[in-house]
1. For E287 and L127, what is the calculated FRET efficiency with R₀ set at 51 Å and r taken between the beta-carbons, to the nearest 0.05?
2. Counting Lys and Arg as +1 and Asp and Glu as -1, each charge on the Cβ, what is the dipole of the stretch 185-306 about the Cα centre in debye, to the nearest 20?
3. On C-alpha positions alone, give me the angle between the axis of helix 294-305 and the longest principal axis of the chain, in degrees, nearest 10.
4. What value does the stretch 109-164 have for Rg/Rh, both radii from Cα atoms and Rh as Kirkwood defines it?
5. Compute the angle between helix 22-31 and the longest alpha-carbon principal axis of the chain, please, reported from 0 to 90 degrees and rounded to the nearest 10.
6. In square nanometres and to one decimal, what's the mean projected area of the convex hull around the Cα atoms of the stretch 148-211?
7. Stokes-Einstein D for the stretch 99-211 at 10 °C, 1.306 mPa s, Kirkwood Rh over Cα pairs, in µm²/s?
8. In terms of Cα to Cα distance under 12 Å, which aspartates and glutamates are near enough to K63, apart from those fewer than 8 places away along the same chain?
Amino acid sequence: MKIGNESIAPYILAPMAGLSDVCFRKICGEAGAGLVVTEMVSARGLVYGSENTKELLAKGIEKTAVQLFCDEPSILGDCVQLPDLAPFCIIDINMGCPVPKIVKNGMGSALLLDLPRASKLIESARLNSTKPISVKMRIGWDSTSINAVDFAKMCEDSGASMVCVHGRTREQGYSGRADWEEIGKVKRAVSIPVVGNGDITSAPEAVEKINKYGVDGVAIGRGALGNPQIFASLSGREYNKSIYEVILEHYRLAVDFYGERRAIPLMRKHLNYYLKHAEVSKSLRAEMNTISKYDILLDTLRQAFV
């Protein structure tokens, strides 16, 4: 798949706030993800030098896109020129986040209702950066205002090199089922690459979606949690690590990056997903969620798996 001047394998790790940090991106990249995307980063925060925002920019693997959210074209134009973004291969603009605090400030999914502003944001990014611009979008605001095709056409006309379409409306959030028929309509309506996103939990499902709807690639989010091996199954990369080995590697990366005190609580969500895939009992999962010392956690994991 060609996104501007970048050649990308069609299996992408979708960004997930609080989950797809640099550690998990490294894990999925090693497993075979063709592209990983940072957690959503505030363009305004970067322009004004927020240190907390900059932490999100740790890269991880070579093929990494940075996902930005913004409501002001001039701010976004300034942001994409920052040296902090130089390591990334693609600039991705979030126009699909359903979180109220993002939407009420005219960002994320709010842009589905404001095509002129969305267009100006894309144009500003394109004019101020030599990197390909992609857009993460949803199929519409709610069931009465599905506008995915028109929105994707606007993205293409404004200079986007790719759109990633989450097959839910803003109103749905992450509930219900993704509408892949709408994603397919977008693919037929534009000439730029279209990546589909929503409800992919296995490699066969990903292949089926590509074949049935003609999309150029798929973005996998929650389906990769606890299961980065999904990318190995899709890419054909040799990857023989057990879930236990992946957990240990993930914890090592987190402790190295954040320090033990921050890493242990931050990793609890990931650990729950891993242990569910490993069919570890609920009682043992609950016990591990109370452990705050790294050496004790490692010993308990060893007992569970070895």
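The values are calculated or read from the model by the stated rules, or taken from the named source; none is laboratory data. From a predicted model like this one, the values you see are computed outputs, not experimental measurements. Cβ atoms come from the backbone with ideal geometry, glycine included; neighbour counts cover every protein chain shown. When the accessible area is computed, the model is the full protein with side chains, heavy atoms only, and any ligands, DNA or RNA have been set aside. Shrake-Rupley method; radii C 1.70, N 1.55, O 1.52, S 1.80 Å.
1. Working: r = 54 Å, r/R0 = 1.07.
Given R0 = 51 Å and the Cβ-Cβ separation, E is 0.40.
2. Values: 18 positive and 13 negative charges, 95 e Å.
With Lys and Arg at +1 and Asp and Glu at -1, about 460 debye.
3. With both axes taken from Cα atoms, the answer is about 80 degrees.
4. Details: Rg = 11.0 Å, Rh = 11.3 Å.
Result for the stretch 109-164 is an Rg/Rh of 0.97.
5. With both axes taken from Cα atoms, the answer is about 90 degrees.
6. Details: hull surface 18.0 nm².
That works out to 4.5 nm².
7. Working: Rh = 14.4 Å.
Result for D is 110 µm²/s.
8. Answer for K63, where 12 Å is the Cα cut-off: E6, E30, listed by chain and number.
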